[in-house]
Amino acid sequence: MRPRIGITTGRRKGRAMRLANAFNVLLAGGWPVTIGPGIREDFEGLDGLIIGGGVDIEARLYGVDTSDEWPYDPDRDALELAGIAWADAVGAPILGICRGMQLLNVHRGGTLLRDIVIAKPGYRNRRSLFPCKTVEIKERTLLSRIAGTDPLKINALHHQAVDVVGEGLVVAAREAAGFIQSVEATEGPMRLGVQWHPELLPWSSRHRAVFSSLIGAARRRDYRQPPIPSTINA
C-alpha cells in the first residue's frame, strides 16, 4: 500500500509546486492527495502531509500588525494550520517546504523576517529554480541523517526567512549569510522544514531523500527514525 500524502496548495500560488511535489511523492512510493481551499479541506485517511510553497503567511499570525495589501491567502493559512493540528493529533509526519517551513515555525510560536534584504542590508538575495546557494547541515540532526553533513547545494525562491525559532524546534541548516534554511522538531512525530524546494531538484539523491524519509515515516508509523538513504552524498 502506498501511504497517502496530502499536498497543500492555494488559490494564488503553489499549483506548479504541488505538481512537482506529487511527482516526488509518487517517485518515493507514496500516493499524492491535493489539499486546498475549495478543492479538498479534510485530512481523513491521510498518512502524512506536505505543506508546500506559495504566497507569504499573513503577518498577523506571528504578531505583526500590518495594514499592507500583500496578496495573502488567509483561507490557505487556516487550512494548513488545521492540517498541522490534525497531524499532531494523529501522529502523522509533516514536511514543510519554503512557506511550509515558515508555517511550521509560526505554528510553534516562532516569527519570520518579512524581507531578508531589509533584515541584512547589502545582502544579495539570489533566487533560482536551480542550485544557487550552499547550506551547512548541522550534525546529529534529522536532516543530517537524511541528506548527510556535506555542504548541500540548494535552490532559492524566497524573500522571507525564519527569525525566532518556535517551541520544540531546532535549526538544522543555515546558509553562509546566516539565514536559517531548515528547522526540525526535537521530539515527537517527524516535523522537518526546508526553506528550499527539493521537489524541483529530483535528479539529486540527497533532495529525493527528503521525500523518501517522509514516505518511510508514514509507512512505518515510526516517525522519529526515518530511514537513512544508502547514497546520501550523491
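Answer yes or no as to whether Leu19 is surrounded by fewer than 19 Cβ atoms within 10 Å (Cβ to Cβ), under 14 Å from the mean Cα position of the chain (by Cα) and more than 21 Å from Ala173 (Cβ to Cβ). Judged against the criteria, Leu19 is not a match. Listed by first and then second residue, the pairs linking a residue in the range 93-109 that is at positive phi and in contact (Cβ under 8 Å) with a residue 12 or more places away in the chain to a residue that is among the acidic types (Asp, Glu) and open to solvent by 10 Å² or more (accessible area, probe 1.4 Å), with Cβ atoms under 9 Å apart and 6 or more places separating them unless they lie on different chains, are Gly109/Glu167.
Name the helices (runs of 4 or more DSSP H) wholly inside the range 65-147 in which the number of residues that are open to solvent by 30 Å² or more (accessible area, probe 1.4 Å) and more than 23 Å from Leu192 (Cβ to Cβ) is 2 or more. Steps first, please.
Numbers: elements: 74-90, 99-107, 116-119, 142-147.
Correct list: 74-90, 116-119.
Among residues of the range 16-45 that are closer than 20 Å to Leu79 by Cα, those with a beta-carbon under 7 Å from a residue that is part of a loop (DSSP other than H, G, I, E, B) and hydroxyl-bearing (Ser, Thr, Tyr) at least six positions away or on a different chain give the pairs Arg18/Thr9; Thr34/Thr9; Gly36/Thr9.
Looking at this structure, is Arg127 in contact (Cβ under 8 Å) with a residue 12 or more places away in the chain and under 25 Å from Ala16 (Cα atoms)? It is true that Arg127 is in contact (Cβ under 8 Å) with a residue 12 or more places away in the chain and under 25 Å from Ala16 (Cα atoms).
Is it the case that the range 36-51 has a residue that's surrounded by fewer than 24 Cβ atoms within 10 Å (Cβ to Cβ), part of a strand (DSSP E or B) and either in contact with a Pro (Cβ under 8 Å, 6 or more places away or on another chain) or not basic (Lys, Arg) (or both)? Looking through the range 36-51, at least one residue is surrounded by fewer than 24 Cβ atoms within 10 Å (Cβ to Cβ), part of a strand (DSSP E or B) and either in contact with a Pro (Cβ under 8 Å, 6 or more places away or on another chain) or not basic (Lys, Arg) (or both).
The values are calculated or read from the model by the stated rules, or taken from the named source; none is laboratory data. Computed from a predicted model, the values in this text were never measured in an experiment. Cβ coordinates were reconstructed from backbone atoms using ideal geometry, including for glycine residues, and neighbour counts include every protein chain displayed. Calculation scope for accessible area: heavy atoms of the full protein, side chains included, ligands and nucleic acids excluded. Shrake-Rupley method; radii C 1.70, N 1.55, O 1.52, S 1.80 Å.
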